[in-house]
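Structure record follows, encoded as structure tokens.
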Amino acid sequence: MRSFRAFEIDVAEGGGEVSSPLPRLLPSPEMEVTEHGGKKLDGGFSIFMGKMKMGSRELVNLDTTALVAIVSGISNGGVERLMSIPEAETRARFKCNYKFVMDQAHSELQYPILVELGDAVDGKKCIICETVSSEFKEIVTMCGGPEEQIRASQLLKQLIVVPDSPSARMMDLPTTRKLAMKNKVVFGTGDHWRAPTLTANMGFVRAVSQSGMPLLTMEHRPRALIGL
């Protein structure tokens, strides 16, 4: 039986500058993954995918937490399978991440996350910066299960990858533990394009807010990759 793996993104403890036109609007190169038995994914994920509009002039910037939440097995019907596993076995597989994963599973049963994520991107063009693209592909390759990898491949086809281009005002903030350079690049790129960033990394958002700088963001609940 395939062993389960959970992935949690480590997050720290909110008008941008005038931006130039977007580069040629080519979808992100998809990941090199093999379709699992030719299975086509449907349900909530397909509905979510249909909400993004490549031709829209309204942009949303997605960070890695958002991409992981979109493709997670927890978000895509895997909760019942997860909870059917004996607790002792699940604890052994997830180890210190057990509570993190199970809390998300219980939350998903009450409030399916693809509904709120779909509302956030409805009718909008979704962009990701190069840093997020690279990080997401690496995470999914290392921790994603077969279906999570398929969803990641399909999702990347619908996203626009833009160069890392953080706004000057973001880069002028001091780089600290709470204001890590990677996050400044990701959120700063959204700020550069005047696009709100969809994120679960509210620690960074709070740190920016405490600096006095307004930042366009949309919060979502976190989800983990669980190897399904």
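The values are calculated or read from the model by the stated rules, or taken from the named source; none is laboratory data. Every value quoted in this text rests on a predicted model; they were computed, and no experiment measured them. Quick reminder, even Gly has a Cβ in these numbers, built from the backbone with ideal geometry, and neighbours come from all protein chains shown.
A few remarks follow.
- Qualifying residue in the range 201-213 (condition: within 18 Å of Ile113 (Cβ to Cβ), in contact with a Lys or Arg (Cβ under 8 Å, 6 or more places away or on another chain) and hydrophobic (A, V, I, L, M, F, W, C)): no
- Test: residue in the range 128-136 that is in a helix (DSSP H, G or I), surrounded by fewer than 22 Cβ atoms within 10 Å (Cβ to Cβ) and either touching a Phe, Trp or Tyr at 6+ places or on another chain (Cβ under 8 Å) or acidic (Asp, Glu) (or both): yes
- Residue ranges of helices (runs of 4 or more DSSP H) in the range 54-98 with at least 1 members over 28 Å from Val185 (Cα atoms), β-branched (Val, Ile, Thr) and in contact with a helix residue (DSSP H, G or I) (Cβ under 6 Å, 6 or more places away or on another chain): 79-83
- Of the residues making up the range 181-197, those that are crowded, with 18+ Cβ neighbours inside 10 Å and either in a helix (DSSP H, G or I) or more than 15 Å from the chain's Cα centre (by Cα) (or both) are Asn183, Lys184, Val185, Val186, Phe187, Gly188, Thr189, Gly190, Asp191, His192, Trp193, Ala195.
- Residue in the range 198-221 that is closer than 30 Å to Lys95 by Cα, over 13 Å from the mean Cα position of the chain (by Cα) and assigned to a loop (DSSP other than H, G, I, E, B) present: no
- The range 136-148, residues that are closer than 14 Å to Ala69 by Cα and acidic (Asp, Glu): Glu147, Glu148
- Counting only residues that are of a type in the set (Asp, Glu) and outside any loop (DSSP other than H, G, I, E, B), the range 146-179 holds 2 of them.
- Condition check for Gly55: of a type outside the set (Phe, Trp, Tyr), surrounded by fewer than 17 Cβ atoms within 10 Å (Cβ to Cβ), modelled with pLDDT of 90 or more and touching a strand residue (DSSP E or B) at 6+ places or on another chain (Cβ under 8 Å): yes
- For beta carbons closer than 7 Å, sequence separation of 6+ or different chains, a first residue in the range 127-139 that is among the hydroxyl-bearing types (Ser, Thr, Tyr) and a second that is at pLDDT 95 or above, the qualifying pairs are Thr131/Asp164; Thr131/Lys182; Thr131/Val185; Thr131/Val186; Ser133/Val161.
- Odd one out for Phe4 among (1) of a type in the set (A, V, I, L, M, F, W, C); (2) closer than 23 Å to Leu114 by Cα; (3) at pLDDT 90 or above: (3)
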